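Below you'll find the structure, written out as structure tokens, and then a few comments.
The values are calculated or read from the model by the stated rules, or taken from the named source; none is laboratory data. Everything quoted here is computed from the prediction, not taken from an experiment. Cβ placement follows ideal geometry from the backbone for every residue including glycine, while neighbour counts extend to all protein chains displayed.
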Amino acid sequence: VVTWNAMIAGYTRNGMMDDAEKLFEKVPEKNVISWNAMVSGYAQNGRIEDARNLFDKMPERNVVSWNAIIAGYVQTGRIDEAYELFEKIPSRSMVSWATMIKGFAQNGRIEEARRVFDSMPERNVVSWNAMIAGYAQNDRIEEANRLFETMPDRDRVSWSTMITGYVQAGRVEDARLLLDRMPNPNVVSWTAMITGYIQNRRLDEARQIFDRMPERDIVTWNAMISGFAQDGKIEEAHHLFDRMPVRDVVSWNSMIAGYAQNRKPENARQLFDKMPEQNLVSWNALIAGYAQNGHGEDAFKYFFKMLKKGVKPDNCTFTSVLSACASLAALEQGKQVHENVIKNGYDLDIFVGNALITMYSKCGSIDFALWMFDEMSERD
RNA sequence: CGUCCCAUAGUCUAUUAA
């Protein structure tokens, strides 16, 4: 059973849910762990309804089953449903609590996260870290710091969370002070610091850390590539790209976006064609590059190409394509894209809504633009 | 003691320019 379970988990971790299902169905013997692996697999792959169905069918559940399904709801932003289940758990573990804290925090409901945190019977370092990250991500770095100072034990996650928090608050110097005070910095903390310098366009300091750190991983390389490329140092970025030991889809995407940003959509396309495997972001980066550089026709072309390939566009795709329609004053195409937006079924994102308004007004359809404005549930 | 399932930290893409 253990071996089967390991295989199921292996499949789900790689997003191979079909294989996982097949194995799960024909396995001669399963236990609660097999079920958990499946539930968690669906949840991690965004198939929360499937996860829930399976969860409801389970012959027996343990706390891991509950945690997995709750994490699924959290991940899709359905925090109230997550909380409903959380309240029903027969007995909660540390994981349950941390999941809920993160859930509230990442939906901007930081006070509720805090209430969960405060009502915990006991806490471990992950609970503290989740709460700190919650404050940091909600731009309340001072409160994050207060917890950081008072927590009983800090691990590397705690330190890295704070470094990232200071970076996001625009306080690179404080981030650096923390890094220098950190007992055992690792590749994550260094990379967070690199990102901080990059965001403040202090590429020399980013490079200095990069050169001095004893080990780098693919995320470190990607952060450097993206930073240099976005800052117009596309040659340097490419050099890093060539030098790095292993490239993943993010590395390629960073280069594509870099070329797009530097008004070289054709170079972007060359990389796009050359990369071993494209994902949604690759398409988006390429299309955005075309849209932003006055190649609206190519933006369309690739938009339809991706549809044909069965790649599902998201809000990023739509905003780019719509802005291409706007600059070409292409009302017909714009309407077509609008249909796709509707077909996609999300309710109107504020970015997409704005893009639609802009598109319709630039195309001379003020009525449609006004109508969109009324349709939007959220405006800025 | 001896890692079959669940939680916390770092990297890629988008709208708005008199």
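Only a single criterion out of (1) within 11 Å of RNA strand B (Cβ to nearest atom); (2) part of a helix (DSSP H, G or I); (3) surrounded by fewer than 17 Cβ atoms within 10 Å (Cβ to Cβ) is not satisfied by A:Ala229, namely (3). Once region A:9-33 is narrowed to residues that are among the small types (Gly, Ala, Ser) and surrounded by fewer than 21 Cβ atoms within 10 Å (Cβ to Cβ), the residue that is nearest to A:Val74 (Cα to Cα) is A:Gly15. Looking across A:Ile287, A:Ile357, one residue alone is over 26 Å from A:Ser254 (Cβ atoms), aliphatic (A, V, I, L, M) and modelled with pLDDT of 90 or more. It is A:Ile357. The criterion of at least 1 residues that are in contact with an Asp or Glu (Cβ under 7 Å, 6 or more places away or on another chain) and within 30 Å of A:Asn200 (Cβ to Cβ) is met by the following helices (runs of 4 or more DSSP H) wholly inside region A:67-169: A:125-137, A:156-168. Within region A:308-317, restricting attention to residues that are in a helix (DSSP H, G or I) and either within 19 Å of the chain's Cα centre (by Cα) or at pLDDT below 95 (or both), the residue that is surrounded by the most Cβ atoms within 10 Å (Cβ to Cβ) is A:Thr317. If you take the residues in region A:201-217 that are surrounded by 15 or more Cβ atoms within 10 Å (Cβ to Cβ) and not charged (D, E, K, R), which one is nearest to RNA strand B (Cβ to nearest atom)? In this case the residue turns out to be A:Met213. If you check A:Tyr259 against the conditions, is it under 30 Å from A:Glu215 (Cβ atoms) and assigned to a helix (DSSP H, G or I)? Spelling it out, A:Tyr259 is indeed under 30 Å from A:Glu215 (Cβ atoms) and assigned to a helix (DSSP H, G or I). Residue pairs whose Cβ atoms lie under 7 Å apart, separated by 6 or more positions or on different chains, with the first residue in region A:236-249 and modelled with pLDDT of 95 or more and the second β-branched (Val, Ile, Thr) and part of a helix (DSSP H, G or I), are A:Ala237/A:Ile225; A:Leu240/A:Ile225; A:Phe241/A:Ile225; A:Val246/A:Ile218; A:Asp248/A:Ile218.
Given the structure, is A:Val321 over 24 Å from A:Asn262 (Cα atoms), within 12 Å of RNA strand B (Cβ to nearest atom), buried (at least 21 other Cβ atoms within 10 Å of the Cβ) and under 23 Å from the mean Cα position of the chain (by Cα)?
no
Per-residue answers, yes or no, for (1) of a type in the set (A, V, I, L, M); (2) farther than 23 Å from A:Ile48 by Cα; (3) touching a Phe, Trp or Tyr at 6+ places or on another chain (Cβ under 6 Å):
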{"site": "A:Phe86", "(1), (2), (3)": "no, no, no"}
{"site": "A:Ile101", "(1), (2), (3)": "yes, no, yes"}
{"site": "A:Gly108", "(1), (2), (3)": "no, no, no"}
{"site": "A:Asn129", "(1), (2), (3)": "no, yes, no"}
{"site": "A:Gly134", "(1), (2), (3)": "no, yes, no"}
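For region A:6-40, residues that are assigned to a helix (DSSP H, G or I) and either under 16 Å from A:Arg61 (Cα atoms) or among the basic types (Lys, Arg) (or both) total 12. For A:Trp190, the conditions (1) in contact with a helix residue (DSSP H, G or I) (Cβ under 8 Å, 6 or more places away or on another chain); (2) closer than 29 Å to A:Tyr290 by Cα; (3) of a type outside the set (S, T, N, Q) all hold with the exception of (2).
Please indicate, with yes or no, whether at least one residue in region A:356-375 is of a type in the set (Val, Ile, Thr), under 21 Å from A:Trp283 (Cα atoms) and either in contact with a helix residue (DSSP H, G or I) (Cβ under 8 Å, 6 or more places away or on another chain) or near RNA strand B (Cβ under 8 Å from one of its atoms) (or both). No, because not a single residue in region A:356-375 is of a type in the set (Val, Ile, Thr), under 21 Å from A:Trp283 (Cα atoms) and either in contact with a helix residue (DSSP H, G or I) (Cβ under 8 Å, 6 or more places away or on another chain) or near RNA strand B (Cβ under 8 Å from one of its atoms) (or both).
So is A:Tyr197 crowded, with 20+ Cβ neighbours inside 10 Å, farther than 23 Å from A:Asn253 by Cα and of a type in the set (Phe, Trp, Tyr) or not? So A:Tyr197 does not fit the description; no.
Residues in region A:13-35 that are within 8 Å of RNA strand B (Cβ to nearest atom) and within 24 Å of the chain's Cα centre (by Cα): A:Arg13 alone. Entry remark, region A:170-225: residues being of a type outside the set (A, V, I, L, M, F, W, C) and assigned to a helix (DSSP H, G or I) number 19 in total.
The listed residues are A:Arg78, A:Arg109, A:Arg114, A:Arg92, and the only one of them that is without any contact (Cβ under 8 Å) to a residue 24 or more places away in the chain and among the basic types (Lys, Arg) turns out to be A:Arg114. The set of residues in region A:324-380 that are loosely packed, with under 14 Cβ neighbours inside 10 Å and hydroxyl-bearing (Ser, Thr, Tyr) comprises A:Tyr346, A:Ser377. Being within 8 Å of RNA strand B (Cβ to nearest atom), closer than 20 Å to A:Ala6 by Cα and surrounded by fewer than 24 Cβ atoms within 10 Å (Cβ to Cβ) is the requirement here; does A:Val63 meet it? In short, yes.
Return the total of residues in region A:280-309 being more than 15 Å from RNA strand B (Cβ to nearest atom) and among the aliphatic types (A, V, I, L, M). Don't jump to the end; show me each part of the working.
So in region A:280-309, the residues more than 15 Å from RNA strand B (Cβ to nearest atom) come out as A:297, A:301, A:304-305, A:307-309.
Imposing the further condition that a residue be among the aliphatic types (A, V, I, L, M) reduces the set to A:307.
Within region A:280-309, residues that are more than 15 Å from RNA strand B (Cβ to nearest atom) and among the aliphatic types (A, V, I, L, M) number 1.
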